[in-house]
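What follows draws every value from the coordinates through simple rules; no lab data is involved. Note that the coordinates shown come from a computational prediction; the quantities given were computed from them, not determined experimentally. For neighbour counting, all protein chains shown are included, and Cβ atoms are generated from backbone atoms with ideal geometry for every residue, glycine included.
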Amino acid sequence: MSASAAVTSVQPNLTNFLAASTTTPIPITPTIAATPTIPAPAIQLAAATGKPARSGASIYSVSCASCHTYGMRGAPKLTDKAAWAPRLAQPPGTLTAHVIKGLGWMPPRGTCSACSDDDIQAAVDYMVSRLPTR
Ligand code: HEC
């Protein structure tokens, strides 16, 4: 059976079902009933993969915010463009390398000893992304 034949054979049933479900408040198939809430399951799926838990934003809030929110001991504050300007002028990769090694009063990995290099990179990217564009 060709793909188009499959579509034609399925289509009438689907159409009938959708027509029926608009007139019937309690649909027979829960799968179809859940269709309007597709965005919610998509978010749950992302959470299940663990990705949001290791996002730059979450690493920042857990491990970096304590110093960088208020500029503890000269830490460049999140969103403080002037404080970041000379740091951003360094060669590419320097920021992340400094966080991994530690810099001045900032301990290695900004205290996140469980963070991989990629995690640190994500946190740095997040901090840079929060800088005002003008
Ligand atoms: C204990 C406080 C503290 C924590 C926690 C901390 N930082 Fe820092 N951070 C500092 C200080 C202080 C500086 C400025 C160091 C200097 O220039 O002497 C700094 C500087 C930086 C810089 C600029 C580096 C450069 O090359 O100029 C980056 C990027 C940075 N931190 C990212 C992070 C990230 C990402 C985290 C979390 C994983 C983090 N920091 C956690 C205190 C901290």
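Structure data summary
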item	result
Hits in region 59-90 (condition: more than 10 Å from the ligand (Cβ to nearest atom), of a type outside the set (Phe, Trp, Tyr) and surrounded by fewer than 13 Cβ atoms within 10 Å (Cβ to Cβ))	Ala82, Ala85
Leading residue by the ranking (nearest to Ala114 (Cα to Cα)) among those in region 50-68 that are small (Gly, Ala, Ser) and not in a loop (DSSP other than H, G, I, E, B)	Ser63
Candidate set from region 101-118 (those that are surrounded by fewer than 18 Cβ atoms within 10 Å (Cβ to Cβ) and touching a residue at least 12 places away in the same chain (Cβ under 8 Å)); member that is farthest from Cys67 (Cα to Cα)	Asp117
Positions within region 100-119 being among the hydrophobic types (A, V, I, L, M, F, W, C) and within 8 Å of the ligand (Cβ to nearest atom), in sequence order	Leu103, Trp105, Met106, Cys112, Cys115
Residue in region 120-133 that is more than 10 Å from the ligand (Cβ to nearest atom) and more than 16 Å from Gly56 (Cβ to Cβ) present	yes
Within region 69-100, tally of residues that are over 25 Å from the mean Cα position of the chain (by Cα) and in a helix (DSSP H, G or I)	7
Counted residues, region 101-134 - those being on the phi < 0 side of the Ramachandran plot and assigned to a helix (DSSP H, G or I)	15
